[in-house]
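Peer 1: Dumping the structure here so I can ask a few things about it.
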Amino acid sequence: MCKRDGSQALGWWLSQLMLLFSVIGRLAISPAWAATRSGTAPSAVVYTMANGMQVILKENHSSPMIASVAFVRSGSKYETELNNGVTHFLEHLLFDGTATRTQEQISDRIKNLGGYINAFTRKELTGYLSLVPAEYIAEALDIQQDMLFNSIFPEDRFPKERKIVIEEIRKDADSPDNASENFHDRWAYQGSPFARPVMGYENLVAAFPREEVIEYYHTYYQPNNMILLVIGDFAPAAMRERVEESFGRHPARPLPPRPAVTVPSVHGRMVQRTTAPIGETRVDVHIRLPLFTEASYDALALWAEILGDETLSPLQRNLVEGDHAPATQVSATMETQAEFSALHIWAATDVPANADTIVALIARTLAALPKSMVSAADVRLITTRLEVQDIFLREKLHYYALMKAPMLVVTGYDFVDRLPARMAQVTPAQLQKAAAQYLTVNDYVATIITPPDTTVAGPPPGHPEHSRYEKRVLANGLAAIVKSNPDSRVFAINVLGKNRAATEPEGLAGISDFVNRMLMSGTQTRDKDQVGRALAAIGADLTTNDNPNIPYDDYYTTPQYTFIKFATIDGYANAGAQLLAELVGHASFPAAEVEQTRRQVLGLLTKEQNSTNQTCRRLFCSSLFGDEPLAKPILGTPESVARFTTENLLRHRRTLYAPENMILTCVTNLPGDSAFAIIESSFGRIPTGTPPGNSAVAPPKPPSGVQIAHQPMQKEQVYIYLGGVLPGAADSDAAAIIVANQILSARLGDHLREKLGLAYSVGSSVNFDRDFGWYCCTMGTGKANYIKARDGILNEILRLQQDTVSAEELATAQNTLWGSSLTARLSRVNQAYFMGVDLFLGRGFDYADKMSAQMRAVAAADIARVARRWFDTQNYVLATVGNLE
């Protein structure tokens, strides 16, 4: 994965997406083909240009944006043992310049247009994505074709890209998800290219000759080896002309014969084990299925959906539910490749000794499927959900393309487009027949990964016995906390700027976000290019704001504070801290860069204004908080953004990031004294700024009666935000409120989404400040279902107040919160982030180590008590956006 804005890689944000789904309710990502065609969507235009490039044009006028994704049939499965990783390495190199454009003129230009540019490598393809406002699509297409066909691979860029990719390999090696996936692939696909990691190995990446990389590029990067998917706000005839002008100019070239890819069959029951530095035991079961061209494929695809559905899945009932359930999570997906199809079942447990029991229960559950009855109503539930997901995905243009990519390249667009309709025609008898023929599980590969030293009972990795915390206040007033833990080489820092919105001057809403976006645009001693090179030289990962083009990636963004997340490895700790301190304390905001960032932010504002969810969130906040700072829009408004200048940005940086207004948290394998010496020699030199005066945010006034706010919007869905005021983060009721909300969110998903089919996305969340908090139930639904949806939310709150929560439901909520907390803090940079947030909220920087005990101390009686006290069904804010007429 190649990211040009310092954000996390694709695997990371997908895992965080899954985490968010578990927190806000039972929202599941289906396999790639789950994005299905809605009957109301315009048909796609599919054709092949004279040069052999396949083109898919899909209209979507829900927002004035267009995504263009070029898929190259060049993935790691076409590599050899000697050049494993070259495809991914080449993906990075394509951003380094063409005959007419520099690296900066590629990535920065797209971002300056208010767009987003990215790339990703998988086993069967490489994808290059651009997302821009519709008026800039011609330029975006031109940049995209230039990268694909005219890259020159500057020789001086090779060392930099080698370092970046090697650090990416090392970071992925620290990821439990990647450790599990790589070990599983090694055994499930042994003897085939699918067994090799997409990124390759450090020793190979360090030695790829430039000439061989260029030869690989010329071999596969030809128009007759590509598919172009364009989706968004355009007229097909006009877009066809633009595509022809940009991509049609490149002639077809002869392609070499495809390497023969053979994937050995699975015979017998194989179980392989290993240990890895993970927090829970993971079990992966791989069952080979027939090719997508076989008649039984549709029924098996439907089985994969059923097995992955929390409501219908017998795996969920047999492995996760109940007082003595052996697993904490289970999921099922179907993989489709040209050479094979496979059912993947993944489970997690916090008891390593349960692993073999889980494998046996999976086999027993699948063996019973031929005798189980799946009703026609259940089939309709699954296929209806897929149709609703397609509507939702079409509003997230780039994500639609990412989720479609593997199946589209392997099977072709028509197959992907028609599969949901074919699945809807599958009968219960056909399901039973397919299960009897392919799911009796005589042949499978199971891999089990356990944490090290699991034979001895003890605290999991990351428990306070393995970590040492220390807090110091530097001479300039900066509060710094270091967590030392020897389990990883990653050196991570988070800088939190207190009271983001409250520090913003009158008429300059959004200036804090603007400051963060410009921190890498130059300092008093380095220009933008030099900053970028310095970061690249140490393989640093720097994130200053959420990526607006990644769905659901805005849960770090809040008007309460800003964040700057930085990660490198221990060998670069001092250089990294010095560079980060320079950016935070001495950013210069050059006038030319201010104008470029202004265009970028205005593009984001345009996009945000077309989102029912974002619009409803703003409406809810303005209704609940009134004129208080938490009602301010984080990006600002077009009017306020127009007022930003170098001078007022410099003033605000000195206020927002005055040492007294910052919290610095660091997670490292270095001893505390060594880490503090680095911090003091870098951040300790930041001069005292102009700290804000009293920027404390006053608690909002609780609503009196039903406080209604509505904004009309011509969209397919009505979005609902319903909520009210809570106590502060350190209140004695806070833990019970968090658990109660988890139960409420699960019930909303179960009843309103799964049983009534009223929504694709529904859930509830709680948010805390130091002295107050707020809860919010959110839902997107069709306008015909609005009253039923609104009343359904209120009825679930009433049920929480009146009914006794079962021991099983309480334990499930507590375990979900515990697992979600661990998952959210897997990376060191996220540990640093949450340490800072928890200190800011008054819970203490070591709150994560205490959270589980606090959640488990909540009793069933506490749930009804806090629901009656704080989740008021008579006095609340109700914000709606959409067409209610």
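Throughout, read-outs are computed from the coordinates displayed, never taken from laboratory work. Predicted model only: the values in this text are computed from it and were never measured. Cβ atoms come from the backbone with ideal geometry, glycine included; neighbour counts cover every protein chain shown.
Peer 1: Would you kindly state how much longer the chain becomes between L650 and M270 on full extension, computed as 0.36 nm times their sequence separation minus their alpha carbon distance, in nm to one decimal?
Peer 2: Numbers: separation 380, 0.36 × 380 = 136.80 nm, distance 6.23 nm.
Full extension from L650 to M270 adds 130.6 nm.
Peer 1: Can you give the relative contact order of the range 244-356 as a percent, counting alpha carbon pairs under 8 Å and 6+ residues apart?
Peer 2: On the way: 141 pairs, mean separation 34.5, N = 113.
It rounds to 31 percent for the range 244-356.
Peer 1: With a cut-off of 11 Å, note down the residues of the range 98-121 whose backbone N falls inside the zone around a label point 7 Å from the Cα of D142 toward its beta carbon.
Peer 2: What the label zone holds, given the 11 Å backbone N cut-off, is no residue at all.
Peer 1: I would also like to ask the following. Suppose R0 equals 22 Å; then what is the FRET efficiency for V45 and A421 from their Cβ-Cβ distance, rounded to the nearest 0.05?
Peer 2: 0.70
Peer 1: In debye, nearest 20: dipole of the chain around its Cα centre with unit charges on the Cβ of K, R (+) and D, E (-)?
Peer 2: So the dipole magnitude of the chain works out to roughly 540 debye.
Peer 1: Here's another thing I want to ask about it. Looking at this model, which pairs from K632/K701; K160/K404; K163/K565; K58/K783; K371/K404; K77/K433 are more than 23 angstrom apart at the alpha-carbon?
Peer 2: Beyond 23 Å between Cα atoms: K160/K404; K58/K783; K371/K404; K77/K433.
Peer 1: Taking +1 at the Cβ of each Lys and Arg and -1 at the Cβ of each Asp and Glu, which of L369, S265, V725 sits farthest along the dipole of the chain towards its positive end, judged by Cα position relative to the Cα centre?
Peer 2: The Cα lying farthest towards the positive end belongs to V725.
Peer 1: Report relative contact order for the chain in percent, whole number only (criteria: Cα-Cα under 8 Å, sequence separation at least 6).
Peer 2: This gives 15 percent for the chain.
Peer 1: Continuing with this model, one more query. Which of the DSSP-defined H helices in the chain satisfy a minimum axial length of 20 Å, computed from C-alpha atoms, and a minimum mean Kyte-Doolittle hydropathy of 0.0? If you can, show how the numbers build up before the last one.
Peer 2: Numbers: long enough: 10-24 (21 Å, 1.67); 158-173 (22 Å, -0.88); 376-394 (27 Å, 0.33); 397-411 (21 Å, 1.01); 591-609 (27 Å, -0.65); 734-748 (21 Å, 1.47); 786-802 (24 Å, -0.32); 807-824 (25 Å, -0.02).
Answer set is 10-24, 376-394, 397-411, 734-748.
Peer 1: Then there's this: Okay, which of the range 193-222 sit inside 17 Å, backbone N to the point 7 Å along the Cα-Cβ direction of F149?
Peer 2: The answer is 217-222, whose backbone nitrogens lie closer than 17 Å to the label point.
Peer 1: Please give, to one decimal in nm, the separation of the simple spin-label points placed at T606 and A235, each 7 Å out from Cα toward the Cβ.
Peer 2: Those two pseudo-labels are separated by 1.9 nm.
Peer 1: Separate question: Tell me the net charge near S76. Cut-off is 10 Å between Cβ atoms, S76 excluded, with +1 for each Lys or Arg and -1 for each Asp or Glu.
Peer 2: Overall, the nearby charge balance is +2.
Peer 1: While we're here: At R0 = 22 Å, how high is the FRET efficiency between E885 and K788 if r is their beta carbon distance? Nearest 0.05 is fine. Could you put the intermediate results ahead of the total?
Peer 2: On the way: r = 17 Å, r/R0 = 0.77.
Calculated transfer efficiency: 0.80.
Peer 1: What FRET efficiency comes out for I214 versus K701 if R0 is 41 angstrom and r is the Cβ-Cβ distance? Round to the nearest 0.05. Don't skip to the end; give the middle numbers.
Peer 2: Values: r = 66 Å, r/R0 = 1.60.
Rounded to the nearest 0.05, the efficiency is 0.05.
Peer 1: Helix-only estimate, please: 222 nm mean residue ellipticity of the chain, summing -39500 (n - 2.57) across DSSP H runs of length 4 or more and dividing by its residues, to the nearest 500. Mind showing how you got there, number by number?
Peer 2: Values: 30 runs with 365 residues, N = 885.
-13000 deg cm²/dmol, from helical runs alone.
Peer 1: Mean separation of Cα pairs under 8 Å and 6+ residues apart, divided by the residue count of the range 642-763: what relative contact order is that in percent?
Peer 2: With pairs under 8 Å counted, the relative contact order is 18 percent.
Peer 1: Among (1) 34.1, 114; (2) 33.2, 101; (3) 26.5, 75, find the value of Rg and Dmax of the Cα atoms in Å that was calculated from the structure presented, and write down its label.
Peer 2: Matching the structure shown: (3).
Peer 1: Here is a further query. Using 19 Å as the cut-off for backbone N distance, which residues of the range 653-681 belong to the label zone defined by a point 7 Å from the Cα of T558 along Cα→Cβ?
Peer 2: 656-657, 661-666
Peer 1: Could I ask something else about it? Please list, in order along the range 506-517, the HN-Hα scalar couplings obtained from phi with the Karplus expression 6.51 cos²θ - 1.76 cosθ + 1.60 (θ = phi - 60°), rounded to whole Hz, x for Gly and Pro.
Peer 2: 4, x, 10, 4, x, 5, 5, 4, 5, 4, 4, 5
Peer 1: Related question: Can you tell me how much longer the chain between D414 and E294 gets when fully stretched, taken as 0.36 nm per residue apart minus their C-alpha distance, in nm with one decimal?
Peer 2: Separation in residues times 0.36 nm, less the Cα-Cα distance, equals 41.6 nm.
Peer 1: What does the extension gain come out to for Q711 and R380, with contour length at 0.36 nm per residue minus their alpha carbon separation?
Peer 2: Length gained, Q711 through R380: 115.8 nm.
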